[in-house]
Every structure is written in structure tokens, then in C-alpha cells.
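Input: a single structure, listed below in C-alpha cells.
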Amino acid sequence: MLKRDLVIVGAGPAGMAAAISAYENGVEDILLLERDQYLGGILNQCVHTGFGLNYFKEILTGPEYAHRFIEKLKGIEAIEVSLKSFVVCLRADKTLTYFKPGALETAQAKALIMATGCREKTREMVHIAGGRPAGIFSAGLAQKLINIEGLLPGREIVIVGSGDIGLIMARRFILEGAKVKAVVEIQQQTRGLMRNVVQCLEDFDIPLYMRHKISKIHGRDRVEKVDIVKVDEELNEIAGSEFQLACDTVLISVGLIPENELIEMAGVKLDKKTNSPVSDEVNKTSIPGLFVCGNAFKVYDLVDSVSRDSADAGRLASEYLRGLK
Amino acid sequence: MIKELTCIECPKSCSLMVDIENCRIVKVNGNQCPRGQDYAKAEIENPLRILTGVVLTKGLAIKMVPVRTDKPIPKARILEAADEIKKLKVTNPLGIGDIIVSNFMGLAVNLIATRDVL
């Protein structure tokens, strides 16, 4: 079994910032596990600008923001990066089991930082009636298909929810030559940042329906159309306000939830509603020496804030390790 | 005439009140930093946007290389420029910041890679 002072799970913005900070605070034996074949996490598919203004005082794209941390990591020998390494089991004593090509490894960590990010909420969580035809994607999946895989998932798009990823993807589809028929938001206010409403929707005259919802998705093999209906302040459907839009694709952009299956397995207390660790301090959990940072701790609006708070997790881990000696 | 704009320079998304007389800005209110002033001026006189996208590769480690214009381009040319990006193909390894097309579409901006591609 491998023995390490600090193991960090996830090498997106949170994990990278935590690793660098832990090293800078004196930790000299760090293992950074990443399931993908590249460092950077979801930043790699966020090819748009808007990152870094707070943290670097510059406006960067996602890959450029990630690059700053990747370069810094490369220069630190004390951090061993293990790519294509997928953690499948975590115990309360901080032993973890992970797959990597050709091997099943077990590592015992003295301190552990989980930087596993978040997942998109799904269609099932917002209860949209209809069948299960092809053409229904989470906004982030569509982003990966276009920006990483080079595939266009559809030509006529309706977007459910006005989260930032959905707004960004509305523009992305337009730039790829697709039509975006509508963004449909059940609330009175957009979930995403106003600047994304302006530069992603208004710039391209994409209709935004506030206080509306999709009541049904039609189509047998592929999405064919959706029913849209206005709702009142209690979110009840208003009779007579229904209309239909033809489309071949529905994107779901209704928010994110922290991904914490592994720490749940280890017995960390989670808030059932938010899926965040129950904690009175950022990055801490109910198990001493087991820290959670970035979107796995709570969903952030800005990666800049993730980097800032995750650096704190690295420092907390170093203090914990010093306390053991 | 007062025109309302939302600044897109940073996540604060300040609401700007722009006082315009004879197509010229007299005063900008509501901005929390100087970027808002510059944004309002450009937005009234000649709206500009950074264009980002991906370019197909051949024979390289990743299929799509992310790209952007190194300076903003006129908003009115964005769709045309996005179509141009789709016609490109990269076959040689690139470093982050390397120029893929110089003087892109004659707009005095370069199209650059935003990620290393081996």
C-alpha cells in the first residue's frame, strides 16, 4: 500500500490550487489523482472568456486559466500527478482505492483533500413530462461534445433554465451555426450572471421566457417539439398560455450539485438538501484531516473564488499534518 | 438621451446609465470601475467582442484546439468570423498563445491557440 502525507482527489481548478498551496505551506509528499488524461478539469471545455479577472487581474479563457496552474504544478517535484486514476473507494481512515491503467492501487493518506467538483442537475430533478427521445442533454455535456469532441449535438435548440452554462451554450450553438429557439426560465430572475444574458442571449436576439416552463417534451426517437407554458408566482401553470416550439434538442441548465459520493462512503456527514459536507468552516468536514474544496464543498459562481478558497484547503491540510507530528 | 447598458467586463455586471447627446457619450453612471466607462464608449460607438471557439486538428493529441482572437473584434462580424474558424484545420503542434491565423479576416487581430496541443 502507498503511504502519502497528503492525497488530493481531482485536478481541476480546486485540486490544483490546493496542491500548490499545500506545497507552499510545507507539505512535501503529495499525490494528486485525476481521472481524466489531462489536468484542468472542466476548465478545458470552457473555451469562452470570463475567467481570472479577480485572481490574475486578466481576462482569460478556461484553458488559459488552467494553464497557469498546470505550469506551476509541473515545476514542483513534491507533487506526484497520477492521471487516468479513478478513485472508487474511500474509508474513514483515509485509505483510498483507485484504478489506473493496468493497476488497482490503494493509498493511505495522513491528510486528504477532496476536490471532486460538482455535477449538473438532470431533467429528472425538474420533472419534465414526456418520453425519452434522443436529443436531451445537460448543457455541460453539450459543451463537452462541441468543444472537446468536435460534435454538434443538434440544430434547433431549446434551453431549460438560465444557468450560466446554458447561457454560454446558447451562444456556442449560434456560433456553430445552430438555431437557439428559446431559453425558458421558471423563476422571475435569471440564474446566470447578467453579463451572460447580455453577451450570450441579447447579442444574438435569443428569446428568453421568464416565468415559463417546459411542460412536455415530444418525440419518439428524437426530440420533435416542446410544450411551453407560463406560470404564476406560485409556479402553477396558467391555463391558455401554452404554446409549442419545434426543436430537435433540449438542453438542461438548471443548476449544479456537489459531487460527494466518496466522502459519503467514508461516513462524512452531508447536508441532504445541498449535498455539501455539514461544516461550520469552509473546506472542513466531520472527519478531522479530511478536507473538501471547490465546487465539491459548495457550488461557486466563479472559478477565481474556487482557487482562492482551495488554496486555503491546502493550508489547512498542512496545519493538520504539522499537528500530527 | 439616457441609454441603459449592462457592463459585461466582469461578473459584477454593473447596470450603466449612459447619457448620450448627438451620438456622443456625455456621462456614464453606475459603473464601479474604469472598465465600465470604456465598455460604454465602445458599446455606443463600435461594439466589440472577443471571439472564442475551437479549431479541428489532424494527427495531434486532441481533436479540437480552443482558440480566441487576441483582441476584440466588431460585434457585427462575429457570426462571419465564427464561420471562418470552422473552415480551419491545424496539423502542426502548437503552444498556448501561438498564432493560428495572423491578421484574421483583415481585422488586425490574430487568432491564437489557448491550449498546448502536441
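The values are calculated or read from the model by the stated rules, or taken from the named source; none is laboratory data. What you see is a predicted model, and the numbers here were worked out from it, not measured in a lab. Backbone-built Cβ (ideal geometry, glycine too); neighbour counts: all protein chains shown.
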| field | Lone qualifier among A:Lys272, A:Lys298 - being part of a loop (DSSP other than H, G, I, E, B), surrounded by 13 or more Cβ atoms within 10 Å (Cβ to Cβ), in the same structural domain as A:Glu24 (by TED's automatic domain parsing) and not small (Gly, Ala, Ser) | value | A:Lys298
| query | Taking segment A:175-206, which residues are in contact with a Phe, Trp or Tyr (Cβ under 8 Å, 6 or more places away or on another chain) and of a type in the set (A, V, I, L, M)? | reply | A:Val180, A:Ala182, A:Val183, A:Val184
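Yes or no, residue by residue, for (1) outside the structural domain of A:Val292 (by TED's automatic domain parsing); (2) touching a Gly at 6+ places or on another chain (Cβ under 7 Å); (3) assigned to a helix (DSSP H, G or I):
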residue: A:Ala11; (1), (2), (3): no, yes, no
residue: A:Ala14; (1), (2), (3): no, yes, yes
residue: A:Tyr23; (1), (2), (3): no, no, yes
residue: A:Glu28; (1), (2), (3): no, no, no
residue: A:Asp36; (1), (2), (3): no, no, no
residue: A:Asn44; (1), (2), (3): no, yes, yes
residue: A:Val47; (1), (2), (3): no, yes, no
residue: A:Tyr55; (1), (2), (3): no, no, no
| message | Let me confirm something: among A:Ile214, A:Ile257, which residue is more than 14 Å from chain B (Cβ to nearest Cβ), buried (at least 23 other Cβ atoms within 10 Å of the Cβ) and touching a residue at least 24 places away in the same chain (Cβ under 8 Å)? | response | A:Ile214
| Among residues of segment A:57-86, those that are of a type in the set (Asp, Glu) and assigned to a strand (DSSP E or B), counted | 1
| said: It is to be established whether one or more residues within segment A:36-49 are buried (at least 24 other Cβ atoms within 10 Å of the Cβ), in contact (Cβ under 8 Å) with a residue 60 or more places away in the chain and more than 14 Å from A:Ala66 (Cβ to Cβ). | reply: no
| query | (1) surrounded by fewer than 19 Cβ atoms within 10 Å (Cβ to Cβ); (2) touching a Gly at 6+ places or on another chain (Cβ under 7 Å): which one isn't true of A:Ser279, the others all being true? | reply | (2)
| message | From the list A:Arg91, A:Arg123, A:Arg119, exactly one residue is of a type in the set (Lys, Arg) and at pLDDT below 95. Which is it? | response | A:Arg123
| query | Do we have any residue at all in segment A:87-97 that's charged (D, E, K, R) and either part of a strand (DSSP E or B) or under 25 Å from B:Leu94 (Cα atoms) (or both)? | reply | no
| task | Give me a count of the residues in segment A:55-104 that are surrounded by fewer than 19 Cβ atoms within 10 Å (Cβ to Cβ), within 9 Å of another protein chain (Cβ to nearest Cβ) and in contact with a Pro (Cβ under 8 Å, 6 or more places away or on another chain). | result | 0
| Top-ranked residue of segment A:165-195 - restricted to ones that are within 11 Å of another protein chain (Cβ to nearest Cβ) and modelled with pLDDT under 95, ranked as nearest to A:Leu141 (Cα to Cα) | A:Gly192
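Among A:Glu105, A:Glu124, A:Glu120, which is the only one that is more than 18 Å from B:Ala82 (Cα to Cα), among the charged types (D, E, K, R) and touching a Phe, Trp or Tyr at 6+ places or on another chain (Cβ under 7 Å)? Step through it out loud before you land on a result.
Details: A:Glu124 fails: touching a Phe, Trp or Tyr at 6+ places or on another chain (Cβ under 7 Å); A:Glu120 fails: touching a Phe, Trp or Tyr at 6+ places or on another chain (Cβ under 7 Å).
When all the criteria are applied, what remains is A:Glu105.
How about segment B:86-100: which of its residues are assigned to a helix (DSSP H, G or I) and more than 8 Å from chain A (Cβ to nearest Cβ)?
Looking only at segment B:86-100, we keep the residues that are assigned to a helix (DSSP H, G or I), and these are B:86-87.
Of everything in segment B:86-100, just one residue is assigned to a helix (DSSP H, G or I) and more than 8 Å from chain A (Cβ to nearest Cβ), namely B:Lys87.
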| task | Exactly one condition in (1) over 30 Å from A:Leu208 (Cβ atoms); (2) under 21 Å from the mean Cα position of the chain (by Cα) is not met by A:Gly102; state its number. | result | (2)
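Could you tell me which of the residues B:Val109, B:Val117, B:Val101 is free of Cβ contacts under 8 Å to residues at least 24 places away in the same chain, surrounded by 14 or more Cβ atoms within 10 Å (Cβ to Cβ) and in contact with a strand residue (DSSP E or B) (Cβ under 7 Å, 6 or more places away or on another chain)? Give the steps one after another, and end with the answer.
Details: B:Val109 fails: free of Cβ contacts under 8 Å to residues at least 24 places away in the same chain; B:Val117 fails: free of Cβ contacts under 8 Å to residues at least 24 places away in the same chain.
After ruling out the rest, the residue left standing is B:Val101.
Looking at A:Leu145, A:Leu152, A:Leu112 in this structure, which one is more than 13 Å from A:Ser253 (Cα to Cα), modelled with pLDDT of 95 or more, part of a loop (DSSP other than H, G, I, E, B) and among the aliphatic types (A, V, I, L, M)? It would help to see each step written out before you state the result.
On the way: A:Leu145 fails: part of a loop (DSSP other than H, G, I, E, B); A:Leu112 fails: part of a loop (DSSP other than H, G, I, E, B).
Result of the check over A:Leu145, A:Leu152, A:Leu112: A:Leu152.
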| Does any residue of segment A:111-125 turn out to be more than 24 Å from the chain's Cα centre (by Cα) and exposed (fewer than 15 other Cβ atoms within 10 Å of the Cβ)? | no
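Would you call A:Leu208 at pLDDT 95 or above and farther than 18 Å from A:Leu152 by Cα?
Values: at pLDDT 95 or above: yes; farther than 18 Å from A:Leu152 by Cα: yes.
Taking the combined requirement at face value, the residue satisfies it.
Quick check on segment A:217-234: of everything there that is assigned to a loop (DSSP other than H, G, I, E, B) and not small (Gly, Ala, Ser), which residue is surrounded by the most Cβ atoms within 10 Å (Cβ to Cβ)?
We begin by selecting, within segment A:217-234, every residue assigned to a loop (DSSP other than H, G, I, E, B); these are A:219-221, A:223-224, A:232-234.
Among the residues that remain, those that are also not small (Gly, Ala, Ser) are: A:220-221, A:223-224, A:232-234.
Numbers: A:Arg220: 10, A:Asp221: 9, A:Val223: 25, A:Glu224: 16, A:Asp232: 10, A:Glu233: 7, A:Glu234: 5.
Ranking the candidates gives A:Val223 first.
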